[in-house]
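The values are calculated or read from the model by the stated rules, or taken from the named source; none is laboratory data. All figures in this text were calculated on a predicted structure; none of them were measured in a lab. With ideal geometry, Cβ positions are generated from the backbone for all residues, glycine too; neighbour counts draw on all protein chains shown.
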Amino acid sequence: MRIGIITQSFYPIKGGVTEHVNCLYHGLEKLGHEVTIITANFTGFDDDYGMNVIRIGRDFTVPINGAFCNMTVGLELGAKLKKIEKEKKFDLVHIHCPMNPVLPLLAINHLKAPKIGTFHSLMDKNVLLEVFKERLKSIVDRLDGRIAVSEACQEFTQKYFPGQYKIIPNGVDTNRFSPQVKSLPEFRDDDLKILFVGRMDPRKGFKYLLQAFPLVYQRIPKVKLIVVGNGFLRYWYNLSLPDILKPRVEYLGFVPADKLPQYYSSADIYCSPATHGESFGVVLLEAMASGKPIVASDIRGYNSVIKNGQEGILVEPKNPLQLAEALIELGKNKKKREQMAKKGRERALKFSWDKVVKEIENYYFEVLDKVKRNK
């Protein structure tokens, strides 16, 4: 089958949608499909990691829902999409975040192949959707199939776009992220290593981790915070950190995808203090698959992945004191970390991409059969 994947979030952007598309691409290829990713050009970046990627337009980042979200802008994007489809002869198009402007909406409008949309977003409320929901509904209704990555995501999306949704969770590559991956030599010391992976978006809650870190340091002086990800807010956040602790925080910025598993393996605890808007939590699965215990916020999307007290500890969002207490509790109890790591790995195996991609492929055939019957 010739499949086109439309996404505005892709490398060099690190995030759940990017990892979803990356793993879906490789999983579908493994099943024998011909896959093409269509996404934006990103200034100063031209590495597609050996994948079949067509880049059109330019990435433009805007603040939405406490995060910096990607939009693809440019002249004649619709015409370019039509030209690509004519050349590739897609049997099916899979559009990620289909209600987001600009590229996903244009793909729904301009591409002729049967279309499936995967909805990744979760918000308390969206003013733009409230204003434009009728217009957007007429576009989203053109999708032949709809996937939501979690029940929480489905409930949110159905408020604006009623219809039938297939819940298929995000997955994780349990071979790529594994306890067997070797740690990095520079982190093989006696320090307790806490890892954060993500963009410096407000809703990722990194500032609360920085506020908690001095409290952790008071109880566990040999502690280090490893930060994978970037964003201009990093410099603002770092101003609040006492000078004595700055050598204890290592900012690594963007790291290549093939190196990311080694950072998980180098950590003792993974921490995600996100405040809201997480529909699932791919980073949690990556940490669990790597055999790492987790301290995270007790928010919708996260509490559907982690069972509090089993794979990790969930704390109140925006509460640095609770965050610090949980990190100290795990930091001082190696046996508990090992127990949670084992449980996490077991749970992550249920979300293996091999299983998830097969479920998505089955849904493709189900939708194509429906489209054929309705002709």
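Picking from residues in the stretch 21-47 that are at pLDDT below 95 and among the acidic types (Asp, Glu), the one that is surrounded by the most Cβ atoms within 10 Å (Cβ to Cβ) is Asp47.
Here are some conditions: (1) outside any helix (DSSP H, G or I); (2) surrounded by 17 or more Cβ atoms within 10 Å (Cβ to Cβ); (3) over 17 Å from the mean Cα position of the chain (by Cα). Pro169 meets all but one. Which one does it not meet? Every condition holds for Pro169 apart from (3). Of the listed requirements (1) modelled with pLDDT of 95 or more; (2) in contact with a strand residue (DSSP E or B) (Cβ under 7 Å, 6 or more places away or on another chain); (3) under 27 Å from Arg55 (Cβ atoms), His120 misses just one: (1). Being in contact with a helix residue (DSSP H, G or I) (Cβ under 8 Å, 6 or more places away or on another chain) and outside the structural domain of Tyr49 (by TED's automatic domain parsing) is the requirement here; does Ile269 meet it? Against the criterion (in contact with a helix residue (DSSP H, G or I) (Cβ under 8 Å, 6 or more places away or on another chain) and outside the structural domain of Tyr49 (by TED's automatic domain parsing)), Ile269 qualifies. Close contacts from the stretch 107-118, counting a first residue that is in the same structural domain as Leu92 (by TED's automatic domain parsing) and a second that is small (Gly, Ala, Ser), with Cβ to Cβ under 6 Å and a gap of 6+ residues or different chains, come to His110/Gly78; Ile116/Gly145. Looking only at the stretch 346-375, residues that are closer than 19 Å to Asn175 by Cβ, in a helix (DSSP H, G or I) and in contact with a strand residue (DSSP E or B) (Cβ under 8 Å, 6 or more places away or on another chain) come to 3 in all. Take Gly309 and decide whether it is in contact with a Lys or Arg (Cβ under 6 Å, 6 or more places away or on another chain), of a type in the set (Gly, Ala, Ser) and either surrounded by fewer than 20 Cβ atoms within 10 Å (Cβ to Cβ) or in contact (Cβ under 8 Å) with a residue 40 or more places away in the chain (or both). No, not satisfied. Picking from residues in the stretch 243-257 that are touching a Phe, Trp or Tyr at 6+ places or on another chain (Cβ under 8 Å) and not in a helix (DSSP H, G or I), the one that is modelled with the highest pLDDT is Val249. Of the candidates Ala257, Ala348, Ala326, the single residue that is crowded, with 19+ Cβ neighbours inside 10 Å and either under 29 Å from Cys97 (Cα atoms) or touching a Ser or Thr at 6+ places or on another chain (Cβ under 8 Å) (or both) is Ala348. When Thr7, Thr72, Thr18, Thr61 are checked against the criterion of being crowded, with 20+ Cβ neighbours inside 10 Å and farther than 20 Å from Cys153 by Cβ, a single residue qualifies: Thr72.
All told, Gln262 falls short of being of a type in the set (S, T, N, Q) and more than 30 Å from His26 (Cα to Cα).
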